[in-house]
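Undergrad: One structure, as structure tokens, below. Some questions next.
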Amino acid sequence: MLAVRGSLPSRWLTREMSGDYGIDLEIEFATATVSGRFCKAQVKGHTEVSWTQADTFLQPVPSSTLNYWAAMPVPVLLLLAETQSGTVWWARTDRSREPSGVRIRREDSLPSTAAGLERDVIDWLDARSGNAAICAVPVFVDQWDTLNERLDRDCFLALPHRDYVRVQTFYEQLLHLRRLLGLAWDNVIPWEAWVARSRVTFSEREVFHWGTHDEVVEYARPLVAETVAAARRILVAQDANVANAAAKSWAESDPADNCFTTYRVDTSFENQSEEFWSAFDEGLRRRGALRGSAAHGWRSRRDRSRTTRTD
């Protein structure tokens, strides 16, 4: 572990993870302050690394661990440490995964490629964050429907705080989605202009008025239609996975024709052991959140499988 810490930039924050399955370190990228952007890592040590003629090394990793890493909401690195030389190499496990492990390139040594590692992880986080926002478009559409249900109230009345937060949050999310989807957004009226307009038009004593609320909704209507259509196209084109299954089902369904698409995607936790689910149950029990026993369900499924094979 000392070799790993010595190979990373001193400005990065490293935290050892005790007892985590398949995870040894958490690395947070920082300069003068912490960034909130981090990745996980597992360290594998060898006295001497035997490189192939192509200057790669395949680190064996159980498939259960590979699946666990794939389900993580942050990238997972494999750090290969050679104790004889003190050299450390890295690979992003989702990109370098093979059926039996993770392949590491000799050229990806630390600290010389630390800047590339940081850029690689941040690009991964940005892409995941952007796709998460696109997968949340069904909720965005529900919020839009709620705004439309509140039209045509007394223009001179002030919005209750909850309604003001609702329309402001929706408008800012609209701009964020348009940036992500590559749609024009810099010529959209900024929220601050709407706030000023409401006070100038109706009353400077209040924060926001129903009259301006309705103007915002009507102004946004074509922008929302364009944004939702673009998000649908992206979701339809994506392969179904755990992260996008619900949103993809929404994008490919047409309630008007009573035609609904439903994706059920297996997760990387489907084949976990009874011990895993028992520990999960106990964690929920301690929090007062347990409503059903996964360990019991696991045993029932196992018994049914045995009965089927016997028959």
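The values are calculated or read from the model by the stated rules, or taken from the named source; none is laboratory data. Quantities reported herein were computed from a predicted structural model and do not represent experimental measurements. Backbone-built Cβ (ideal geometry, glycine too); neighbour counts: all protein chains shown.
Undergrad: Please list, ordered by first then second residue, the pairs with beta carbon atoms under 9 Å, 6 or more apart or interchain, first in segment 167-182 and at positive phi, second surrounded by fewer than 20 Cβ atoms within 10 Å (Cβ to Cβ).
TA: 182/230
Undergrad: Let me ask you something else. Could you name every one of the helices (runs of 4 or more DSSP H) located completely within segment 185-266 that has at least 1 residues being free of Cβ contacts under 8 Å to residues at least 12 places away in the same chain and more than 24 Å from the chain's Cα centre (by Cα)? If you could, list the steps in order and put the result at the bottom.
TA: On the way: elements: 191-201, 210-237, 245-251.
Once the helices (runs of 4 or more DSSP H) in segment 185-266 are filtered for at least 1 residues that are free of Cβ contacts under 8 Å to residues at least 12 places away in the same chain and more than 24 Å from the chain's Cα centre (by Cα), what remains is 191-201, 210-237.
Undergrad: For residue 74, indicate whether it is surrounded by 14 or more Cβ atoms within 10 Å (Cβ to Cβ), farther than 18 Å from residue 124 by Cβ and touching a residue at least 40 places away in the same chain (Cβ under 8 Å).
TA: Here the answer is no, as residue 74 does not meet what is asked.
Undergrad: If you don't mind, another one. Of everything in segment 72-110, what is touching a Leu at 6+ places or on another chain (Cβ under 7 Å) and under 14 Å from residue 7 (Cα atoms)? Give them in sequence order.
TA: Across segment 72-110, the qualifying residues are 88, 89, 90, 110.
Undergrad: Could I ask something else about it? Going by the structure shown, is residue 69 surrounded by fewer than 19 Cβ atoms within 10 Å (Cβ to Cβ) and either in contact (Cβ under 8 Å) with a residue 60 or more places away in the chain or touching a strand residue (DSSP E or B) at 6+ places or on another chain (Cβ under 9 Å) (or both)?
TA: Values: surrounded by fewer than 19 Cβ atoms within 10 Å (Cβ to Cβ): no; either in contact (Cβ under 8 Å) with a residue 60 or more places away in the chain or touching a strand residue (DSSP E or B) at 6+ places or on another chain (Cβ under 9 Å) (or both): yes.
So residue 69 fails the test.
Undergrad: Considering segment 107-151 alone, what residues qualify as being basic (Lys, Arg), part of a helix (DSSP H, G or I) and in contact (Cβ under 8 Å) with a residue 40 or more places away in the chain? Steps first, please.
TA: Start the filter on segment 107-151 by keeping residues that are basic (Lys, Arg), which leaves 119, 128, 150.
Of the ones still in play, those that are also part of a helix (DSSP H, G or I) are 119, 128.
Of everything in segment 107-151, just one residue is basic (Lys, Arg), part of a helix (DSSP H, G or I) and in contact (Cβ under 8 Å) with a residue 40 or more places away in the chain, namely 128.
Undergrad: I need the full set of residues from segment 151-178 which are under 12 Å from residue 209 (Cα atoms), surrounded by 14 or more Cβ atoms within 10 Å (Cβ to Cβ) and not β-branched (Val, Ile, Thr), in order please. Working first, answer last.
TA: Filtering segment 151-178 for residues under 12 Å from residue 209 (Cα atoms) gives 151-161, 163-164, 167.
Those still in the list that are surrounded by 14 or more Cβ atoms within 10 Å (Cβ to Cβ) too: 153, 155, 157-159, 163-164, 167.
Scanning segment 151-178 gives 153, 155, 157, 158, 159, 163, 164.
Undergrad: Would you check if there is a residue in segment 253-274 being closer than 17 Å to residue 136 by Cβ and not aromatic (Phe, Trp, Tyr)?
TA: Residues of segment 253-274 closer than 17 Å to residue 136 by Cβ: 253, 263.
Add one more test, that the residue is not aromatic (Phe, Trp, Tyr), and what stays is 253.
Yes, segment 253-274 has at least one match.
Undergrad: Here is a further query. If residue 49 satisfies every condition in (1) surrounded by 14 or more Cβ atoms within 10 Å (Cβ to Cβ); (2) part of a loop (DSSP other than H, G, I, E, B); (3) at pLDDT below 85 but one, which is the exception?
TA: Single failed check for residue 49: (3).
Undergrad: Every residue in segment 188-208 that is of a type in the set (Lys, Arg) and either surrounded by fewer than 15 Cβ atoms within 10 Å (Cβ to Cβ) or in contact with a Lys or Arg (Cβ under 7 Å, 6 or more places away or on another chain) (or both), please.
TA: If the condition is that a residue be of a type in the set (Lys, Arg) and either surrounded by fewer than 15 Cβ atoms within 10 Å (Cβ to Cβ) or in contact with a Lys or Arg (Cβ under 7 Å, 6 or more places away or on another chain) (or both), then 205 is the only one that fits.
Undergrad: Check whether at least one residue in segment 3-11 is within 29 Å of residue 272 (Cβ to Cβ) and either among the polar types (S, T, N, Q) or within 22 Å of the chain's Cα centre (by Cα) (or both), and report yes or no.
TA: No, that holds for no residue.
Undergrad: Filter segment 27-44 for residues that are under 18 Å from the mean Cα position of the chain (by Cα) and at pLDDT below 80 and give the result.
TA: 35, 36
Undergrad: Residue check, residue 156 against (1) in contact (Cβ under 8 Å) with a residue 60 or more places away in the chain; (2) more than 23 Å from residue 95 (Cβ to Cβ); (3) of a type outside the set (A, V, I, L, M), all met but one. Which one?
TA: With respect to (1) in contact (Cβ under 8 Å) with a residue 60 or more places away in the chain; (2) more than 23 Å from residue 95 (Cβ to Cβ); (3) of a type outside the set (A, V, I, L, M), residue 156 is out only on (1).
Undergrad: Take segment 95-140 and flag every residue that is surrounded by 15 or more Cβ atoms within 10 Å (Cβ to Cβ) and farther than 24 Å from residue 8 by Cα.
TA: Across segment 95-140, the qualifying residues are 130, 131, 133, 134, 135, 136, 137, 138, 140.
Undergrad: Further question: Mind counting the residues in segment 267-305 that are without any contact (Cβ under 8 Å) to a residue 40 or more places away in the chain, of a type in the set (Ser, Thr, Tyr) and touching a helix residue (DSSP H, G or I) at 6+ places or on another chain (Cβ under 6 Å)?
TA: 2
Undergrad: Out of segment 168-193, which residues are of a type in the set (Lys, Arg) and touching a Ser or Thr at 6+ places or on another chain (Cβ under 7 Å)? Walk me through how you get there before you give the answer.
TA: Step one: filter segment 168-193 for residues of a type in the set (Lys, Arg), giving 178-179.
Scanning segment 168-193 gives a single hit, 178.
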